[in-house]
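Enquirer: Once you've had a glance at the structure underneath, I'll fire off some questions.
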Amino acid sequence: MNDKIAIIYGTRPEFLKVFPIINEFRKRNQKICIVNTGQHDSLLTEMEQSFDVQPDYQLSVQSLAFTNSNLIAKLIDEISNLVHQENIQKIIAQGDTFTVLASSMVAFLEQRKFYHIEAGLRTSDIKLPFPEEFNRRVVSLTADVNFSPTELAKQNLLKENISENNISLVGNSIVDMIQYVTKKENIAVEYKDFVFITAHRRENIGQPLRNIAQAVKELAEENPEAQFEWALHPNPNTRKIIMEAFENGTPKNINFTEPLSYLDAIRKMAKSKLIISDSGGIQEEAPSLQKRVLILREETERPEVISCNCGILVGTDIQKIKSSFNFIYNNPEEYIFKSENNPFGDGNSAEKIVKKVLE
């Protein structure tokens, strides 16, 4: 197989799910071209270094002055130039970012093969989440292989008239990643009086985030034995809104931190009794760490986490957040996630993906 392969990513969540694929190529001594588009900067570089990944190309596509349209245009231009420069014939990208959208468009227009990792996630509204739902729907139209993480994701693609020949059910590579990390770092699952929190989604900026912060403040006051740790997002708008809720005082058992490294985040989640988050990634990670998660969203494109009873959709309603917390937190029958069947796979996704790409 002589076709040159590129793995393209630009954000920290993307890297987490392509690293197992990079690692699998390494095991096979298969040379690939690793491309970081630079949508995220220092956080992503730190993670690459942690996992001994040195991109062959480090693009610089981000600017504070860019609109979404500017960013997509820049990504298309940079990726297209690279594809021709390196004569890339196969492109692998993950998820629903502008990096994956631009990569798929370049592959289609330049007639290269495109492999989409984590294909078929859907909500009922093309604007929710924005712009990710649009991105992933467009990507599915042209992918040569849609690597579906779950049976439900596969069915979503079939409903959109994507040929079954273009779909491969492989599980989610985040399970591979967590198994790799917990083994390598000797991270044990525990249930301390500890609650891990993140909140950053665009749709929650504004009053929804104020509600979340108020709910957490009240929960901390009402549960003084519990330690609440909130890992803040770099976005200054989200920080400002959150901290405004604590202007009149922060309960002693709430600790705000800077964004955590992936390893530190896994350590925090592994010891927590409950997780509160609007993160899509955490929804996928929680079952592997045997944790329940309160999902701060009205709808999720990962309904498997609901159906397996790992996650609960609480939205941003203060009373719903609090009542769900109180129902779970002090009841071992509730806060220990016991499912033996992880809906996101068995940890062998990378092997299946690489085998398919090398066909």
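The values are calculated or read from the model by the stated rules, or taken from the named source; none is laboratory data. Fair warning: this is a prediction, and the values are worked out from it, not measured in the lab. Backbone-built Cβ (ideal geometry, glycine too); neighbour counts: all protein chains shown. Only protein heavy atoms, including side chains, enter the accessible area calculation; ligands, DNA and RNA are left aside. Shrake-Rupley method; radii C 1.70, N 1.55, O 1.52, S 1.80 Å.
Enquirer: In the structure displayed, which of 154/291; 17/127; 159/217; 17/271; 127/322 lie more than 32 Å apart, Cα to Cα?
Expert: 159/217
Enquirer: Could you look at the chain and say what percent of its accessible area is carbon and sulfur, using a 1.4 Å probe and all protein chains?
Expert: Numbers: 7220 of 15580 Å².
Carbon-and-sulfur percentage of accessible area, whole number: 46.
Enquirer: Accessible surface of residue 28 in the full protein assembly, 1.4 angstrom probe, to the nearest 10 Å²?
Expert: 100
Enquirer: For the chain, what is the relative contact order in percent, using Cα pairs closer than 8 Å and at least 6 residues apart in sequence?
Expert: 16
Enquirer: Could you compute the net charge surrounding residue 99? Neighbours are other residues with a C-beta less than 14 Å from the C-beta of residue 99; K and R count +1, D and E count -1.
Expert: With Lys, Arg at +1 and Asp, Glu at -1, the net is -3.
Enquirer: I've got another one for you. Give me the net charge of residue 59's neighbourhood, meaning all other residues with Cβ under 13 Å from the Cβ of residue 59; Lys, Arg count +1, Asp, Glu -1. Kindly include the intermediate steps, with their values, before the conclusion.
Expert: Numbers: positive: 74; negative: 41, 56, 77, 78, 86.
Net local charge, residue 59 excluded: -4.
Enquirer: Ok, one more. Compute the accessible area per residue over the stretch 159-265, keeping the other protein chains in place, probe 1.4 Å, unit Å². It would help to have the intermediate numbers written out before the result.
Expert: Details: 5270 Å² over 107 residues.
Accessible surface, normalised per residue, equals 49 Å².
Enquirer: Treat the stretch 1-87 as a sphere of radius equal to its Kirkwood radius over Cα pairs and apply Stokes-Einstein at 25 °C in a medium of 0.890 mPa s; give the translational diffusion coefficient in µm²/s, rounded to a whole number.
Expert: Working: Rh = 13.7 Å.
Diffusion coefficient, whole number: 179 µm²/s.
Enquirer: Shifting gears a bit: Leaving ligands, DNA and RNA out of it, rank 96, 346 by accessible area with a 1.4 Å probe, largest first.
Expert: Heavy-atom accessible area, descending, gives 346, 96.
Enquirer: Suppose only helical runs count, i.e. DSSP H with n ≥ 4. What mean residue ellipticity at 222 nm does that imply for the chain under -39500 (n - 2.57) per run, divided by all residues and rounded to the nearest 500 deg cm²/dmol? It would help to have the intermediate numbers written out before the result.
Expert: Details: 15 runs with 158 residues, N = 359.
The per-residue figure over the chain is -13000 deg cm²/dmol.
Enquirer: Can you give the accessible area of residue 141, probe radius 1.4 Å, in Å² rounded to 10?
Expert: Here the accessible area works out near 130 Å².
Enquirer: Along the Cα-to-Cβ line of residue 247, 7 Å from the Cα, sits a label point; which residues in the stretch 171-212 have backbone N less than 20 Å from it?
Expert: Inside the label zone: 205-212.
Enquirer: Between the DSSP loop rule and a limit of at most 12 other Cβ atoms within 10 Å, which GluC sites (Glu not before Pro) in the stretch 328-358 are left? Numbers along the way, then the final one.
Expert: On the way: sites: 333, 334, 340, 351; in loops: 340.
The qualifying sites are 340.
Enquirer: Next question, about the same structure. Over the stretch 201-356, what is the mean sequence separation of C-alpha contacts under 8 Å (at least six apart), divided by residue count, expressed as relative contact order in percent? Could the numbers behind the result be given before it?
Expert: Values: 192 pairs, mean separation 32.8, N = 156.
In percent, rounded to a whole number, it is 21.
Enquirer: A further question follows. In what sequence, largest accessible area first, do 69, 148 appear using a 1.4 Å probe? It would help to have the intermediate numbers written out before the result.
Expert: Working: 69 85, 148 0 Å².
The most accessible residue leads, giving 69, 148.
Enquirer: May I pose another question? How large is the accessible surface of residue 182 in square angstrom, using a 1.4 angstrom probe and rounding to the nearest 10?
Expert: Number for this one is 30 Å².
Enquirer: Between the helical axis of 318-329 and the dominant principal axis of the chain, each derived from Cα atoms, what acute angle in degrees is found, rounded to the nearest 10?
Expert: For helix 318-329, the angle is close to 90 degrees.
Enquirer: Give, in nm to one decimal, the length gained when the segment between residue 60 and residue 163 is fully stretched (0.36 nm per residue of separation minus the Cα-Cα distance).
Expert: Gain on stretching residue 60 to residue 163: 33.5 nm.
Enquirer: Okay, next question. Can you tally the net charge around residue 244? Count Lys and Arg as +1, Asp and Glu as -1, for every other residue whose Cβ sits under 12 Å from the Cβ of residue 244.
Expert: +3
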